[in-house]
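A.B. asks: Please find one structure pasted underneath; my questions will follow.
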Amino acid sequence: MLCYIDVDLATDMSYLEKLVRAVSTDGYDFATGSRIMPDSDAKRPFKREFASWGYNSLVRLLLHSKLYDHQCGFKAFRRGALFELLDDIENQHWFWDTELLVRAQQRGYRVLEFPVYWRHGGSSKVNLVKDVLGMGSEIFRLWWELFFPGFFSGKGKIFLTAFLALLILALAATFLGASDVLNNIQQVSLGTLALSSLVYCISWPLRGIRFQQILNRLGSHYGLGFLTGSIFISQSANVVLPARIGDLSRMYILKKSKDLAFTTSLSAMAVERVFDIIAITFIAAIASSSVAARFELASWMESLIKFSGIVVLLFFAALFVLSFRESRRNKRYGEKAFASFSGEPLNKIKEFAFTFIHQMSVVAVRPGAFVAVIAFSLLLWGMDVLTCFLVLKAIPSAGADMYSASTISLIFLAVALGNIVKTFPITPGAIGTYEVALTAVFGLGGIRPEVGFTVAVLDHIIKNSITLIGGGLALSGLGLRWREVLSTNTDTLKGM
């Protein structure tokens, strides 16, 4: 058996025998003292008494616990029962014992609670405001996991967000007229669609070259085919998984195949994402100024562009400040700056952050690297726009002057805003939200909503299909399986 007792010995130690006996001889799996039971004798400041009463009442109400006090630092556990539950305990802070006792009751373990004599020890590491808010969110998290299992994690999250994506598409098609959308699809020029697919295929080596340039600047040199394949796989995972979780799969591939440090792959991918945002924000800003000369932009479009621009400015402002501090640190301490990091967890975090900032600044702040990467970013997003242009051209009923400055600006703006929307990972691959954004922008130029929606759907189908096919081929070439890639998470990376 194991015991857990607060070091300030706030609980009268005369109860230790009862605590130990409950588990060792009386057949209980878990035993805990209680400061809140009717026969308990506990004294502590009013604000802590009130917070504890409210907290434990919420746990009893929402988590269906039968205990009065979940956080008394006077507990004993049967070793086997404890270790059977530990893998399920997600919290590593003050909520861990509450989660343990709640899960123990849910699993049918025998839990004993008994009143104790307890006196407040004076000092405490608990931050009342911060930790109460944190534990409140943990109560909600555990409530969701216990009573809605599978809905917000693992496969449940995938199915839920995929359903949301399909629902958005279905509602949009129904509202705009599903028959009109199908009629537009039947009339498309297959030759022009094939050309748009070819253009999008050509953009993929550009992604590989850009990622290769970023890694080269960080001192890591790999073949173009391998890097393009890793991007194919991670982007394929992002089509299926919500919240851009698929990005973790690229880190996994780089670590497994090339033993690339986690900090380096994270830095390279962060730079890649930032330059994507810079490129599409620049395109959106230029295109919106042209479109606004003839049409009135919706307020959400202007807000989205401004928000994206502010994010970019804040990122570079923070990076410049941190890089400046890093350079001053290096001048002052030289190699001692790195030598000061010991093996302690806090210093490991500092070392990780220090390395991460340094590597990002190598690419994002230095002029030569910045120009090279931004040029490739603008070029590949230009290819993305050209793909959409050809899809629109493939629909005879579009009714737009394809080569007019206003139509071209409109397409640039539509693709840019559609991809800015993708930075808010509501659905896998932004399916549904991307189509709605493009349809809204096309509507500014007089393109009928059902036509704009058809263009958006076909554009996204082409891009996602090529991504998935390329991802499948890359997986085969690397000898990997979809299950292995899609199950990658932060714990997997930590264990490598």
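Since every read-out is calculated from the coordinates, none of them should be taken as a lab result. Quick caveat: nothing in here was measured; it's all calculated off a predicted structure. Don't worry about glycine lacking a Cβ; one is built from the backbone with ideal geometry, like all the others, and counts go over all protein chains shown.
A.B. asks: Exposed loop trypsin sites (Lys or Arg not before Pro) only (DSSP loop, at most 11 other Cβ atoms within 10 Å): please give the longest stretch of the chain free of them, not including the sites.
C.D. replies: Counting at most 11 other Cβ atoms within 10 Å as exposed, the longest clean stretch of the chain is 126-480.
A.B. asks: Check L260: other-chain or 5+ apart residues with amide H under 5 Å from its amide H, H built from backbone geometry?
C.D. replies: Result for L260 returns K255.
A.B. asks: Could you give the C-alpha radius of gyration of the chain expressed as a fraction of 2.2 N^0.38 Å, taking N as the number of residues it contains?
C.D. replies: For the chain, the normalised Cα radius of gyration comes out at 1.23.
A.B. asks: Something else: Using each residue's phi in the stretch 279-285, evaluate 6.51 cos²θ - 1.76 cosθ + 1.60 at θ = phi - 60° and report the 3J(HN,Hα) Karplus result to the nearest Hz, with x for Gly and Pro.
C.D. replies: Per residue, the Karplus-derived 3J(HN,Hα) values read 5, 6, 5, 4, 4, 5, 5 Hz.
A.B. asks: If I model a spin label at C3 and L182 as a point 7 Å from the Cα along the Cα→Cβ vector, what separation in nanometres do I get?
C.D. replies: Between C3 and L182, the simple spin-label model gives 7.4 nm.
A.B. asks: If you plug each phi of the stretch 37-45 into the Karplus form 6.51 cos²θ - 1.76 cosθ + 1.60 with θ = phi - 60°, what whole-Hz ³J(HN,Hα) values come out, in order, with x for Gly and Pro?
C.D. replies: Computed from phi, the couplings for the stretch 37-45 are 4, x, 8, 6, 10, 10, 10, 7, x Hz.
A.B. asks: Taking other Cβ within 10 Å of each residue's Cβ, how do L82, L16 sort, fewest first? Write down the numbers at each step before the final one.
C.D. replies: Details: L82 20, L16 16.
Arranged by neighbour count, lowest to highest, L82, L16 become L16, L82.
A.B. asks: Report the Cα centroid-to-centroid distance between the stretch 431-479 and the stretch 1-67 in angstrom, as an integer.
C.D. replies: 57 Å
A.B. asks: Related question: Which loop GluC sites (Glu not before Pro) in the stretch 53-107, with loop taken from DSSP, have no more than 13 other Cβ atoms within 10 angstrom of their Cβ?
C.D. replies: E90
A.B. asks: Cα axis of helix 299-333 to longest principal axis of the chain: angle in degrees, 0 to 90, nearest 10?
C.D. replies: For helix 299-333, the angle is close to 60 degrees.
A.B. asks: Which whole-percent values make up P(r) of the stretch 2-147 when all C-alpha to C-alpha distances are grouped in 5 Å steps starting at zero?
C.D. replies: Spelled out per bin, shortest first, that is 2, 9, 20, 23, 22, 16, 7, 1, 0.
A.B. asks: Restricting to DSSP loop positions (anything but H, G, I, E, B) with no more than 12 other Cβ atoms inside 10 Å of their own Cβ, which chymotrypsin sites (Phe, Trp or Tyr not before Pro) remain in the stretch 384-477?
C.D. replies: For chymotrypsin sites (Phe, Trp or Tyr not before Pro) across the stretch 384-477 that sit outside H, G, I, E and B with at most 12 neighbouring Cβ atoms in 10 Å, the list reads Y403.
A.B. asks: Count charges around S203 for me, please; just the other residues with Cβ under 10 Å from its Cβ, Lys/Arg as +1, Asp/Glu as -1.
C.D. replies: The answer is +1.
A.B. asks: To test your reading of the geometry: what angle, between 0 and 90 degrees and rounded to tens, separates the Cα axis of helix 367-393 from the longest principal axis of the chain?
C.D. replies: 70 degrees
A.B. asks: Under 5 Å between amide H atoms, partner at least 5 residues away or on a different chain: which partners does R110 have, H built in plane at 1.01 Å?
C.D. replies: Counting only residues 5 or more places away or on other chains, the set is D29, F30.
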